[in-house]
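The values are calculated or read from the model by the stated rules, or taken from the named source; none is laboratory data. Bear in mind that the values here come from a model prediction, so they are computed numbers and not experimental data. Note: ideal-geometry Cβ built from the backbone for every residue, glycine included; neighbour counts use all protein chains shown.
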């Protein structure tokens with residue numbers, strides 16, 4: 001069994017049900033964390049719970065917010081927890097024709113704006129370029145593993 005993530009009539013991703021369910025549960029987590037709807041849902045496929053429509057407008061805003069959020073932290077645990085989901089979300093966005101630009105890197109100083117989640121002990125001089133590069137590389141790897 002498998003799921004379908006579709007943009008119109010185009011299948012963007014056809015994961016196994018287990019991978020698809022896990023992704024959708026993580027979508028819910030990050031929708032709550034970001035305060036943004038993902039744009040992924042039943043749409044015109046109400047009769048088929050395994051086929052999900054991707055709204056390109058909402059998904060664009062969601063992915064842009066997710067990338068900014070992920071690349072805007074220097075908290076090692078948050079980065080570890082979010083990298084795989086963010087990479088998968090970016091790969092799906094790119095397949096949908098959504099331009100996802102990685103944020104400009106800042107080097108040599110603390111970054112991320114308001115620091116709500118401070119890591120103790122931690123290195124406040126984590127390179128944002130390393131985080132940005134890791135996410136972009138991971139998204140390209142994940143894309144190769146995502147069946148259509």
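From the list 74, 16, 38, 2, exactly one residue is surrounded by 19 or more Cβ atoms within 10 Å (Cβ to Cβ), closer than 20 Å to residue 143 by Cβ and in contact (Cβ under 8 Å) with a residue 12 or more places away in the chain. Which is it?
38
In the stretch 20-43, is there at least one residue being more than 21 Å from residue 147 (Cα to Cα) and modelled with pLDDT under 95?
yes
Of the residues 35, 47, only one is out of contact with any helix residue (DSSP H, G or I) (no Cβ under 6 Å at 6 or more places or on another chain) and on the phi > 0 side of the Ramachandran plot; which?
Numbers: 47 fails: on the phi > 0 side of the Ramachandran plot.
Testing whether each residue is out of contact with any helix residue (DSSP H, G or I) (no Cβ under 6 Å at 6 or more places or on another chain) and on the phi > 0 side of the Ramachandran plot leaves just 35.
For the stretch 48-62, does any single residue satisfy the condition of being free of Cβ contacts under 8 Å to residues at least 40 places away in the same chain, assigned to a loop (DSSP other than H, G, I, E, B) and surrounded by 13 or more Cβ atoms within 10 Å (Cβ to Cβ)?
yes
With within 13 Å of the chain's Cα centre (by Cα), assigned to a helix (DSSP H, G or I), free of Cβ contacts under 8 Å to residues at least 40 places away in the same chain and buried (at least 17 other Cβ atoms within 10 Å of the Cβ) as the only criterion, which of 79, 66 stands out?
Unique residue meeting the criteria: 66.
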